[in-house]
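This report concerns only the one structure given below.
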Amino acid sequence: MNDFGMEKLHSEKSVSLPNVNSLLKISFGLIMFTMISFALVYAETIPVDVEGNSFDVEYTVTEMTVDAIASDVEASSLYLTVTADSTGMLDITFDRISFDSLFEGLDEEFFVLVDGDFAIYSETETTAQSRTLSIEVPSGTEEVEIIGTVFGSLEPVVVSDVVDDEAAADAAAAKVAADAAAAKAAADAAAAKAAADAAAAKAAADAAAAKAAADATAAKHNQLSVDLVQFFKMGFVCWMKDVDLELFSKMVYVFLIQHPYPLDLLWEERVKKWL
């Protein structure tokens, strides 16, 4: 093959083969498109008829679509017809004045079924005006049923106020109990102090009385000792002067009978020994 033929073949290959940079740009574009498609969340509003009255339901979906919605007043349910070629998520919001789940004025959980089976869901937002559910919708699901308790509430339930009122009541009750406990503790402490003071005062009075009695007894014994010494001195004088025994006996009798301090047993025994 001559040089002209080789140059022509090389030129044809260069024209038919795509540039490497072009291939990279195309690949990157496809990847970005795929990522955006998967991440894209569609925000929608769909009307639902409830016995001739219509209200809107807001929802967003990922990897699925909502085709229709219907209500069953007797069952307090909403039925959503869906198409889910793969597992997707349905986030749906209800205005409380349109659809709610309540029991005795308090929030009750919704029941959510997907094709008759219990669904995996969570309540992601609860306000005084609305409630939002996030529901996992498995691949192939055709119907999602949401069961509440009431359609068309006259006014929204003020959940935050109810919670705040209960918390305030609990706090007030706790404060009253704490104040009562503090008052009782203070009263008990005062009573204990008063009892301790009274006991201390009684002990001091008893000690003082005991000391006074001991001092009085000691004084009596001391005086009696002095008197006995004087008596025996007199007896010794009488003996030395040969005073007869009858006179001395009379002196002893007069001393024992007329002495101003009563003799206790100890002194009585001592006198008997000395006499």
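Computed from the coordinates by the stated procedures, all read-outs in this text should not be read as laboratory data. Since we're looking at a predicted model, the values are computed, not measured. Ideal geometry is used to build each Cβ from the backbone, glycine not excepted, and the neighbour counts take in all protein chains shown.
Structure above, values below:
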{"item": "Listed peptides 93-102, 203-212, 78-87 by packing density, highest first (mean Cβ within 10 Å)", "result": "93-102, 78-87, 203-212"}
{"item": "Three-way shape label, the stretch 61-190, alpha-carbon gyration tensor, a/c 1.5", "result": "prolate"}
{"item": "Rel. contact order, % - alpha carbon contacts under 8 angstrom, at least six apart, the stretch 50-139", "result": "28 percent"}
{"item": "Ranked packing of 193-199, 65-71, 131-137, most packed first, by mean Cβ within 10 Å", "result": "131-137, 65-71, 193-199"}
{"item": "Nonlocal amide H pairs with Ser130, under 5 Å, H built at 1.01 Å", "result": "Arg96"}
